[in-house]
Amino acid sequence: MTGVVLRRRVTDVVSKILMGVATVIGVFFLFWILWTTLKFGVAGMHWDLFTKDTPPPGFNGFGLRNAFVGSLILMGLSLLVGVPVGLMAGTWLAEYGFHGRTANAVRFINDIMLSAPSIEIGLFAYAIVVAPMGYFSALAGSVALAILMIPIIVRTTDEMLSLVGSDIREAALALGAPKSVVITKVTWRAARAGILTGILIGLARITGETAPLLFTALNNQYFSTNVFRPMANIPVVIFQFALSPYANWQQMAWAAAFITVVFVLVLSILARWFLARVKTTR
Amino acid sequence: MNDSGPAARTETQSALAGQRAAPGSRRFSGDAFFHAAAVLAAILASVTLFATVIAIAYDSWPSIQTFGVWRFLKSSEWNPVTQTFGAFPFIVGTLVSSAIAMILAVPISFGTAVFITEIAPFWIKRPVAGAIELLAGIPSIVYGLWGLLVFAPVFSEIEPWINRSIGNIPGIGLLFRGPPMGIGMLTAGIILAIMVLPYISSIMRDVFLVVPSSLRESAYAMGCTTWEVAWHIMLPYTRTAVTGGIFLGLGRALGETMAVTFVIGNSNMMSPSLLMPSATIPSVLANEFTEATTKLYLSSLIYLGLILIAITLVVRFLAVLLIRRLARGEGASA
């Protein structure tokens, strides 16, 4: 009897220790990655990064202005496409489709899209934009990023609108407001913090995306705002500079990675802040 | 509900104002327009999945015609000079690197999930759960940069030791013999494991919370240890969704591009050793896509992408299906 008790006790203690170790492993790698990004990133920080364009290969100096501007343009364009489509599709699910067969099928497909490897979406954007137009372009890059962002916005909008109580919806309908007005002026407003959370998470998701841009926006040594041609952007710069032999290029890759991580962290913190507001107003 | 009262009132008032502003006849066409826009957006969002497959299949058609299906899958010759292309080394590379990732990540995720839900004291739960979730937020390009410039040099110090210890075991040792370069299949698998860990463990954590406390507490009341509750009560109860979470992580690992491209070494020579450089479908796409000069070369690369889609679609479909089954059964969102 004591043998069984001892064996059970030992199994329990050993398993608890192993589970603690497993948790420590995850946290350890997080801090290792964040620490090195901070260390090399801060060391590579230079004012010229924001004011000058990329120096030619082999030349000293720093500059990522073209890539920062390019990334902002790419993000802006993908928001312009992704937010309306995602918001309206999520609205359809929560306000028109409810839990019918069609709506649940759309939710299922959306969940599959949610975990789509970004490289596949990049190939898709290549096939529908780059190949017919004959040019690699920032436009194609934004299409790919928007497609990656849409499922996140659809899901969050759907969930957040479903959280809005039926009483205020019914009150508005009882006053004779047509459905579109009820949605835009009542339910959207009641769920705005949650919807904004979804958009922020979507933006965080696409911030460091590199693979789809390799098939679409490529990169550009020079400053360009023409969305029909290749455009410099931060993720592809990190990819190319990290593998380059030049010390200043590698340093710029770390600095760009650091800024990307900080940007993503700020977006996640903002998203969490808005999400907390959702819960308190309920 | 009390504090939503005044808010609701102002919302309704503004709704009323909105209605007054619109003339009667235009109100209804606006309503129809809004409905149509919502339907269109929903269609657009869902059709993308099918459009992806069709568009990529269309672009890979020249290669499908030249090499067929079976020949392309089993051929291991990838030679742009002779224009002969085969997918075998890349399929193997993709599957093996993801397998390594799952072997490492699944137990660690399970341990983390049980630690957070059952073992950790209250004050430690939230920061640890938050930290693990942060791992999911780090862009894959940063994993790649870190993997190549920080982890690989450290790992190349450990590799001679792996060579001497595991490498000397007959049979399995063959997998662990090779030059200590720091990059290769094993490094890619380890980086992938770190990347998919937060996805698997957060699904596990969510579904463990769905286990009814009556079940859990009955077991504890009978004198079960934490391990027994986790292994014999929680895991069997959530088996389907846990499997779904594992498939979700697998889907991520199979399609991951940037992190793998940095650390796998990019060689299309196959080797039994996991310490040797290799290549995956995403990594060869990332490396060679812009260099593909001929139509056949390009469409062969896209053909590789089509194979990747076929693999990941099955995995993702199973993942969503299995995770949803538990969610539906319990009426909770997992």
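Quick notes
- Shape of chain A, Cα gyration tensor, a/c cut at 1.5: oblate
- Each label point was placed 7 Å from the Cα along the Cα-to-Cβ direction; for residue A:99 and residue B:65 their separation is 5.1 nm.
- Share of carbon and sulfur in the accessible area of the range B:146-277 stands at 67%, probe radius 1.4 Å.
- Inter-chain neighbour count for B:252-262: the average number of beta-carbon atoms from partner chains within 10 Å of each residue's beta-carbon is 4.
- Space enclosed by the convex hull of the alpha-carbon atoms of chain B, per residue, Å³: 227 Å³
- Across every direction, the projection of the convex hull enclosing the Cα atoms of the range B:266-315 has a mean area of 4.2 nm².
- Between amide H atoms placed 1.01 Å from N, distances below 5 Å from residue B:84 occur with B:79, all of them 5 or more places distant or on a separate chain.
- Orientation-averaged projection of the range A:62-183 equals 10.4 nm² [convex hull of Cα atoms, one quarter of hull surface area].
- The mean number of partner chain beta-carbon atoms within 10 angstrom of a residue's beta-carbon across peptide A:106-114 is 6.
- Using a cutoff of 8 angstrom between alpha carbon atoms and counting only pairs six or more residues apart, the relative contact order for chain A works out to 26 percent.
- Interface of A with B. Using a 1.4 Å probe and counting protein heavy atoms only, the two chains hide about 7800 Å² of accessible surface, both sides summed.
- Residues residue B:33 and residue B:103, FRET efficiency given R0 of 56 Å [Cβ-Cβ distance, rounded to 0.05]: 0.55
- Once the Cα gyration tensor of the range B:110-193 is diagonalised, semi-axes √(5λ) in Å: 32, 19, 10
- Enclosing the Cα atoms of the range A:1-130 in their convex hull gives a volume equal to 265 cubic angstrom per residue.
- Extending 7 Å from Cα along the Cβ direction at residue B:73 and again at residue A:262 yields two label points whose distance is 5.0 nm.
- Loop-resident chymotrypsin sites (Phe, Trp or Tyr not before Pro) (DSSP state other than H, G, I, E or B) in the range A:29-104 with no more than 12 further Cβ atoms inside 10 Å of their Cβ: A:47, A:59, A:98.
- For the range B:23-179, a Kirkwood radius taken over Cα pairs fed into Stokes-Einstein (25 °C, viscosity 0.890 mPa s) yields D = 110 µm²/s.
- Theoretical FRET efficiency, 1/(1+(r/R0)^6), r = Cβ-Cβ of residue B:290 and residue A:133, R0 25 Å, to 0.05: 0.95
- Dimensions (Å) - the protein assembly as shown, Cα atoms, principal axes, largest first: 79, 77, 54
- With a simple spin-label model that places each label point 7 Å from the Cα along the Cα-to-Cβ direction, the separation between residue B:243 and residue A:8 comes to 3.0 nm.
- When you count the other C-beta atoms within 10 angstrom of each residue and take the mean per peptide, B:184-195, A:176-187 line up highest first as B:184-195, A:176-187.
- Relative contact order (%) - criterion: Cα under 8 Å, at least six apart; region: the range B:169-264: 49 percent
- Dipole magnitude (debye, nearest 20) for chain A, charges at Cβ of Lys, Arg, Asp, Glu: 780 debye
- Along each principal axis, Cα extent of the range A:203-282, largest first, Å: 53, 31, 20
- With every protein chain in place, the range A:226-281: carbon and sulfur % of accessible area (1.4 Å): 71 percent
- Sorting the segments A:242-252, A:215-225 by their residues' average number of neighbouring beta-carbon atoms within 10 angstrom, most packed first, yields A:215-225, A:242-252.
- Using the alpha-carbon positions of the range B:81-137, Rg (one decimal) and Dmax (whole number) come out as 19.0, 63 Å.
- Per-residue shielding of A:204-212, expressed as the average number of other chain Cβ atoms within 10 Å of the residue Cβ, stands at 5.
- Percent carbon-and-sulfur accessible area, the range B:38-134, ignoring ligands, DNA and RNA, probe 1.4 Å: 75 percent
- Averaging the Cα positions of each part gives two centres, and for the range A:73-136 and the range B:124-189 these lie 34 Å apart.
- Cα gyration tensor category, rounded, prolate or oblate, for the range B:36-102 with a/c compared to 1.5: oblate
- Separation of alpha-carbon centers, the range B:192-265 and the range A:17-61, rounded to whole Å: 29 Å
- Treating each Cα of the range A:152-250 as an identical point scatterer and summing with the Debye formula, the log10 of I(q)/I(0) at q = 0.19 Å⁻¹ comes to -0.90.
- Computed over chain B, relative contact order equals 24 percent, with contacts defined as Cα pairs under 8 Å that lie 6+ residues apart.
- Cα gyration tensor shape of the range B:212-313, rounded if a/c is under 1.5, else prolate or oblate by comparing a/b with b/c: prolate
- Rounded Å value of the spacing that divides the Cα centres of the range A:231-276 and the range B:34-76: 31 Å
The values are calculated or read from the model by the stated rules, or taken from the named source; none is laboratory data. Note that the coordinates shown come from a computational prediction; the quantities given were computed from them, not determined experimentally. Counting neighbours? That spans all protein chains shown, and the Cβs are built from the backbone with ideal geometry, glycine included. Areas reflect the complete protein model, heavy atoms only, side chains present, ligands, DNA and RNA absent. Shrake-Rupley method; radii C 1.70, N 1.55, O 1.52, S 1.80 Å.
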